[in-house]
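Student: Before anything else, here's the structure in question.
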Amino acid sequence: MQKLVLIGNGMAGIRTLEEILKLNPDRFDITVFGSEPYPNYNRIQLSKVLQGDTSLKDITLNEWQWYEDNNIRLYPGETVTSINKDQQIVYTDKGKGQPFDKLIIATGSNPFMLPLPGVEKEGVIAFRNIKDTETIVEYAKKYKKAAVIGGGLLGLEAARGLLNLGMQVDVIHIHDFLMERQLDRTAGKLLQAELEMQGMNFLLQKSTIEILGKKQVSGLRFKDGSRIKADLVVMAVGIKPNVAIAQEAGIPVSRGILVNDFLETGIPNIYAVGECAEHRGMVYGLVAPLYQQGEVLAKRICEVEAEGYKGSVLSTHLKVSGVDVFSTGKIIEDDNSKVSKMHDDLRGLYQKIIFEKGKMAGAVLYGNTKDGNKLLNFIKKGTTIEEYLEATQNPEKEISSVADMPDEEMICGCNGITKGAIVEAIHTQGLTTVEQVKGCTNASRSCGGCKSLVSELLQCTLGDSFDVNQKEAICSCTPLSRDEVVQEIRTKGLTHIREVMNVLGWKNDGCSKCKPALNYYLGMIAPLKYKDEKEARFVNERLHANIQKDGTFSVVPRMYGGVTTSEALRKIADVADKYQVGTIKVTGGQRIDLLGVKKDDLPKIWAELDMPSGSAYAKGLRTVKTCVGESYCRFGTQDSMGMGIKLEKKFEGLNTPHKFKMAVSACPRNCAESGIKDVGIVGVDGAWEMYVGGNGGTHLRKGDLLFKFKSEEELIEMIGAFLQYYRETAIYLERISAWVDRLGLDHIKEVLSVESMVKSLNARMEEALSIVQDPWKEAINNKTLLKDLYQTVKVPTKVE
Amino acid sequence: MENTLRPVLVGNVADLPEKLGKTVKIGTKEIAVFRLENGKIRAIENRCPHKGGVLAEGIVSGEFVFCPMHDWKISVADGKVQDPDVGCVQSYPIEIKDEQVYIFLED
């Protein structure tokens, strides 16, 4: 078998291997060297990790298992230090020598560090890999002030992440507007205004000349003499191809490693792919071109005849929440260009399309980037001004641009899924929704930017049978939306999950998305008649405890309003001792969490605690956080503890579409953080304010004032009506914050201003509350439940 | 030498909860045994190939279980991880004699 060696365990190199394995799985004996101690991960998603939308483990593209399954020898954390091109051997920093018949260099690029005095100080870093990301997160825990040098794509994504981590951020940029390589001045200024609103501070036309501080960075000094303070400096001024080992080995290099249309370097049997390669004078730093190169290279190495790589038209999407920016091709017009421009300052919309020599050559979109991919395809096809005018003036005559795409055209750049692959999956597997295409092919699974293209592709493949305005289906088992399913359950009087799936034509036996949703909807519609189906519940709600990553569970007893007694604490302590609880933790919701409990011990612990369940696992009321209030506090205007306890006792055990948290503070100082709770109450002199839709999690949202009440009774009645309206109209797993955004505060206010509405909602709420039982008591008093859910079967092994 | 399979009695059919999984420990081995909606009984290794999630606690639909950790979909019949994820867990043959459930393990 021929020996194939890959230097670089990143996106371009591994993608090439995947293509090779597809063409010819047994042709090569493959060895991979990677400097980073991780399997191949999605580098473009690092900014999302920093912004808190995604966790590190979610960006892994190839698990360790993948290497094993494909018989690939991977040496993570091992760097190739030299190549002997004549003897065809590579050497590593661990002293290994590995011979090869074919060698692929995919060393990517390094961040460019400005050679400033002080650049070696602690706290000066790049933003390029997992380690950088972890360092930034660590710094954010200890320090307040960050400076980002570079107002380009990467710099702004990093800055947004730093804001999310709670740091103050100064962005230093040498030009007078942002992202000048992708945007024109107008779009750059619109972007700046939006990011300033989000809390970023910009220092434009500033040139950094020194990094200040002793061992640890303390600030920056600029050419104009001014200074700023900074505890962390992120350098994001650009990247440079990592060509050092190629150059030393005598492989021809310019800016990158020089390759021809087949990714061959100047040396036989040595290839280069990705960010380290230079093709026709271009070095690419985006994922789509790398994947296209990988495909060509795989065919070359497997000796499959194919067309060469011709270069790529680039497009850029800024991944910052709340900002839509897209640009491609030529972005600044000159005397020979013709331009179509639209600028709406009021709505923050901007669109510019540039034509050169009668053909579309580039575009910049701000505010609405829906047409981005379409414009990119127009440019690739060389659409003329006349064709463009015709297509946009007469929408009926518009030919879908995806229809004209060749089958090899990439639809999903992140995962490298072509049009042909998606169309084939649509035909052979009978797919009808974007969600199904995602499940089967991976397209749109990573950044989601190609969703509209996938939808368009479904439309032109399925013709009239595809509903463009399809509502979001519950899951891929059915094309029906939440509203349609709830409507059908009501009109047809459906009573259990299997019946819903049979009558409404589910494609299979359901899944982990639709079964819990149906269980909720059925219970919400007929609380008194419906028998909860525990097998359709997620493990935590089925067992009434939170599963941990090692398979143990945690126990959180109810502590109404965060108020406890010495007796209760003593009991918790005794139980913790007796069952050797691993960790005791005070939770964010003012109660106590016992962690590391074995499943078999759960019922015993509950029985000994003899306390109600805290529902820390539930899609229901978690906690009501309170401040001390008027009983002790010199500022308190209301009895916040009393109100909190009352609310928690009323709504505990209620089933809702998602979890919800409440808080009661006794004055606007808001010590119980009512402003970031799903329902937050603030006592003021002689009245209660009710805030809704607050959220302190991933999507930080400040609560909106719904109403203000003089009496306790009115307040509690409104909370009941509000929660019931949420129960009846929200999509399963939609938090109150998202629901308020979807329906609009004005709409909710309007509904809840009608007195008869408030009364009828409360009547249905009372019905839902009437069936609530403490789940822990229920379990310990029911032998069948104990046996079915909590006992493990132990079979001793025979002694032979 | 060829590996032989030996049957291990794990209990009565009625001991297994319907439409759910059960954790069965045989010596140090942990097996997830499922009693499906169609009455069939299946056994696979109780450990998701992704991050080691306990499969016996997953939601069961048809012939599949969804791992409670990160929602991987795994066939309880042959142990194969479903698209778009990849991998496999060991599956074990089952025999039912007089309502008694036997799992076949390698000796």
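The values are calculated or read from the model by the stated rules, or taken from the named source; none is laboratory data. Predicted model only: the values in this text are computed from it and were never measured. No Cβ is skipped: glycine too gets one built from the backbone with ideal geometry, and neighbour counts run over all protein chains shown.
Student: Hey, any hits in region B:39-50 for a residue that's within 8 Å of chain A (Cβ to nearest Cβ), within 20 Å of A:VAL793 (Cα to Cα) and modelled with pLDDT of 95 or more?
Tutor: For region B:39-50, residues within 8 Å of chain A (Cβ to nearest Cβ), within 20 Å of A:VAL793 (Cα to Cα) and modelled with pLDDT of 95 or more: absent.
Student: Within region A:83-92, is there a residue that is within 27 Å of the chain's Cα centre (by Cα) and charged (D, E, K, R)? Can you show your working first?
Tutor: Kept after step one, since they are within 27 Å of the chain's Cα centre (by Cα), are these residues of region A:83-92: none.
No: region A:83-92 contains no residue that is within 27 Å of the chain's Cα centre (by Cα) and charged (D, E, K, R).
Student: Spot the failing condition for A:GLY151; the list is (1) modelled with pLDDT under 90; (2) closer than 22 Å to A:ARG221 by Cα; (3) not acidic (Asp, Glu), and only one is missed.
Tutor: Failed condition: (1).
Student: Tally up the residues in region A:161-179 that are modelled with pLDDT under 90 and among the charged types (D, E, K, R), please.
Tutor: 0
One line per residue, one yes/no per condition, for (1) of a type in the set (Lys, Arg); (2) under 20 Å from A:LYS121 (Cβ atoms); (3) under 24 Å from the mean Cα position of the chain (by Cα):
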| position | (1), (2), (3) |
| --- | --- |
| A:GLY155 | no, yes, yes |
| A:ASP170 | no, yes, no |
| A:HIS173 | no, no, no |
| A:ASP176 | no, no, no |
| A:ARG185 | yes, no, no |
| A:GLU196 | no, no, yes |
| A:THR208 | no, yes, no |
| A:VAL217 | no, yes, no |
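Student: While we're here: If you go through region A:728-741 one residue at a time, do you hit one that is without any contact (Cβ under 8 Å) to a residue 40 or more places away in the chain, in a helix (DSSP H, G or I) and acidic (Asp, Glu)?
Tutor: The answer is no; no qualifying residue exists.
Student: Now for a separate question. Can you name every residue in region A:714-728 that is of a type in the set (D, E, K, R) and closer than 16 Å to A:ALA763 by Cβ? Outline the logic, then answer.
Tutor: Within region A:714-728, the subset of a type in the set (D, E, K, R) is A:714, A:717, A:727-728.
Within region A:714-728, A:GLU717, A:ARG727, A:GLU728 meet the criteria.
Student: Identify, by number, the condition in (1) closer than 23 Å to B:PRO68 by Cβ; (2) touching a Ser or Thr at 6+ places or on another chain (Cβ under 9 Å); (3) in contact (Cβ under 8 Å) with a residue 60 or more places away in the chain; (4) buried (at least 22 other Cβ atoms within 10 Å of the Cβ) that A:LEU621 doesn't meet.
Tutor: Exception for A:LEU621: condition (3).
Student: Something else about it: Could you list, ordered by first residue, the pairs with Cβ atoms under 8 Å in which the first is in region A:264-289 and at positive phi and the second is assigned to a strand (DSSP E or B) and at pLDDT 95 or above, at least 6 apart or interchain?
Tutor: A:ASN269/A:LYS102; A:ASN269/A:LEU103
Student: Which one is nearest to the other protein chains (Cβ to nearest Cβ) among residues in region A:493-506 that are part of a loop (DSSP other than H, G, I, E, B) and within 17 Å of A:SER481 (Cβ to Cβ)?
Tutor: So the first thing to find is which residues in region A:493-506 are part of a loop (DSSP other than H, G, I, E, B), and the list is A:493-496, A:504-506.
Going one step further and asking which of them are within 17 Å of A:SER481 (Cβ to Cβ), we end up with A:494, A:504-506.
Working: A:LEU494: 17, A:LEU504: 16, A:GLY505: 15, A:TRP506: 10 Å.
Result: A:TRP506.
Student: Can you pull out the residues in region B:54-72 that are more than 7 Å from chain A (Cβ to nearest Cβ) and farther than 18 Å from B:THR23 by Cα?
Tutor: B:HIS70, B:TRP72 - these are the residues of region B:54-72 that are more than 7 Å from chain A (Cβ to nearest Cβ) and farther than 18 Å from B:THR23 by Cα.
Student: Please go through region A:507-534 and give me each residue that is more than 10 Å from every other protein chain (Cβ to nearest Cβ) and in a loop (DSSP other than H, G, I, E, B), ordered by number.
Tutor: We begin by selecting, within region A:507-534, every residue more than 10 Å from every other protein chain (Cβ to nearest Cβ); these are A:507, A:517-532.
Once the filter is applied, which keeps residues that are more than 10 Å from every other protein chain (Cβ to nearest Cβ) and in a loop (DSSP other than H, G, I, E, B), region A:507-534 yields A:LYS507, A:ALA526, A:PRO527, A:LEU528, A:LYS529, A:TYR530, A:LYS531, A:ASP532.
Student: Suppose the filter is at the interface with another protein chain (Cβ under 7 Å from one of its Cβ atoms) and buried (at least 20 other Cβ atoms within 10 Å of the Cβ); does B:PHE34 pass it?
Tutor: Here the answer is no, as B:PHE34 does not meet what is asked.
Student: Mind checking which residues of region A:322-337 are surrounded by 14 or more Cβ atoms within 10 Å (Cβ to Cβ) and either small (Gly, Ala, Ser) or part of a strand (DSSP E or B) (or both)?
Tutor: Residues satisfying the conditions are A:VAL325, A:PHE326, A:SER327, A:THR328, A:GLY329, A:SER337.
Student: Can you tell me which of (1) in contact (Cβ under 8 Å) with a residue 24 or more places away in the chain; (2) in contact with a strand residue (DSSP E or B) (Cβ under 9 Å, 6 or more places away or on another chain); (3) of a type in the set (Asp, Glu); (4) not in a loop (DSSP other than H, G, I, E, B) is the one A:GLU19 doesn't meet?
Tutor: With (1) in contact (Cβ under 8 Å) with a residue 24 or more places away in the chain; (2) in contact with a strand residue (DSSP E or B) (Cβ under 9 Å, 6 or more places away or on another chain); (3) of a type in the set (Asp, Glu); (4) not in a loop (DSSP other than H, G, I, E, B) applied to A:GLU19, the lone miss is (2).
Student: Still on this structure, please answer the following. Would you please name the residue that is farthest from A:ARG727 (Cα to Cα), looking only at residues in region A:744-797 that are more than 14 Å from chain B (Cβ to nearest Cβ), part of a helix (DSSP H, G or I) and small (Gly, Ala, Ser)?
Tutor: A:SER756
Student: Could I ask something else about it? From the list A:ASN62, A:ASN84, A:ASN110, which residue is within 14 Å of chain B (Cβ to nearest Cβ) and either in contact (Cβ under 8 Å) with a residue 24 or more places away in the chain or under 19 Å from A:ASN242 (Cβ atoms) (or both)?
Tutor: Among A:ASN62, A:ASN84, A:ASN110, only A:ASN62 is within 14 Å of chain B (Cβ to nearest Cβ) and either in contact (Cβ under 8 Å) with a residue 24 or more places away in the chain or under 19 Å from A:ASN242 (Cβ atoms) (or both).
Student: OK, next. Right, B:ALA14: more than 9 Å from chain A (Cβ to nearest Cβ), modelled with pLDDT under 95, more than 24 Å from A:ALA517 (Cα to Cα) and outside any loop (DSSP other than H, G, I, E, B) or not?
Tutor: When the stated conditions are applied, B:ALA14 passes them.
Student: Next up: So, A:GLU390, is that one free of Cβ contacts under 8 Å to residues at least 24 places away in the same chain, under 30 Å from the mean Cα position of the chain (by Cα), surrounded by fewer than 16 Cβ atoms within 10 Å (Cβ to Cβ) and not in a strand (DSSP E or B) or not?
Tutor: Spelling it out, it is not the case that A:GLU390 is free of Cβ contacts under 8 Å to residues at least 24 places away in the same chain, under 30 Å from the mean Cα position of the chain (by Cα), surrounded by fewer than 16 Cβ atoms within 10 Å (Cβ to Cβ) and not in a strand (DSSP E or B).
Student: Here's a follow-up. If I ask for residues that are more than 11 Å from chain B (Cβ to nearest Cβ), surrounded by 19 or more Cβ atoms within 10 Å (Cβ to Cβ), part of a loop (DSSP other than H, G, I, E, B) and of a type in the set (A, V, I, L, M), which ones from region A:535-591 would you list?
Tutor: If the condition is that a residue be more than 11 Å from chain B (Cβ to nearest Cβ), surrounded by 19 or more Cβ atoms within 10 Å (Cβ to Cβ), part of a loop (DSSP other than H, G, I, E, B) and of a type in the set (A, V, I, L, M), then A:VAL556, A:MET559, A:VAL581 are the ones that fit.
Student: Restricting attention to region A:35-71, which residues are in contact with a His (Cβ under 9 Å, 6 or more places away or on another chain), more than 20 Å from A:GLY8 (Cβ to Cβ) and at pLDDT 80 or above?
Tutor: Listed by number, the list holds a single entry, A:GLN65.
Student: Please specify each residue of region A:592-607 satisfying the condition of being touching a helix residue (DSSP H, G or I) at 6+ places or on another chain (Cβ under 9 Å) and surrounded by fewer than 16 Cβ atoms within 10 Å (Cβ to Cβ).
Tutor: Within region A:592-607, A:ASP600, A:ALA607 qualify.
Student: In region B:17-29, how many residues are more than 7 Å from every other protein chain (Cβ to nearest Cβ), part of a strand (DSSP E or B) and within 20 Å of A:THR797 (Cα to Cα)?
Tutor: Number of matching residues: 1.
Student: Another question about this same structure. Of the residues that make up region A:710-719, is at least one surrounded by 13 or more Cβ atoms within 10 Å (Cβ to Cβ), modelled with pLDDT of 95 or more, in a helix (DSSP H, G or I) and within 34 Å of the chain's Cα centre (by Cα)?
Tutor: Yes, the conditions are met somewhere in region A:710-719.
Student: Return the residue satisfying two criteria in turn: it lies in region B:83-105 and is more than 9 Å from chain A (Cβ to nearest Cβ) and in contact with a helix residue (DSSP H, G or I) (Cβ under 9 Å, 6 or more places away or on another chain), and of such residues it is nearest to B:LYS22 (Cα to Cα).
Tutor: Filtering region B:83-105 for residues that are more than 9 Å from chain A (Cβ to nearest Cβ) and in contact with a helix residue (DSSP H, G or I) (Cβ under 9 Å, 6 or more places away or on another chain), the one nearest to B:LYS22 (Cα to Cα) comes out as B:VAL101.
Student: Still on this structure, please answer the following. Can you go through A:PHE177, A:PHE127 and tell me which one is in contact (Cβ under 8 Å) with a residue 24 or more places away in the chain, within 30 Å of A:PRO39 (Cα to Cα), aromatic (Phe, Trp, Tyr) and touching a helix residue (DSSP H, G or I) at 6+ places or on another chain (Cβ under 6 Å)? I'd like the intermediate steps shown before the answer.
Tutor: Numbers: A:PHE177 fails: within 30 Å of A:PRO39 (Cα to Cα).
Step by step, each of A:PHE177, A:PHE127 is checked, and only A:PHE127 is in contact (Cβ under 8 Å) with a residue 24 or more places away in the chain, within 30 Å of A:PRO39 (Cα to Cα), aromatic (Phe, Trp, Tyr) and touching a helix residue (DSSP H, G or I) at 6+ places or on another chain (Cβ under 6 Å).
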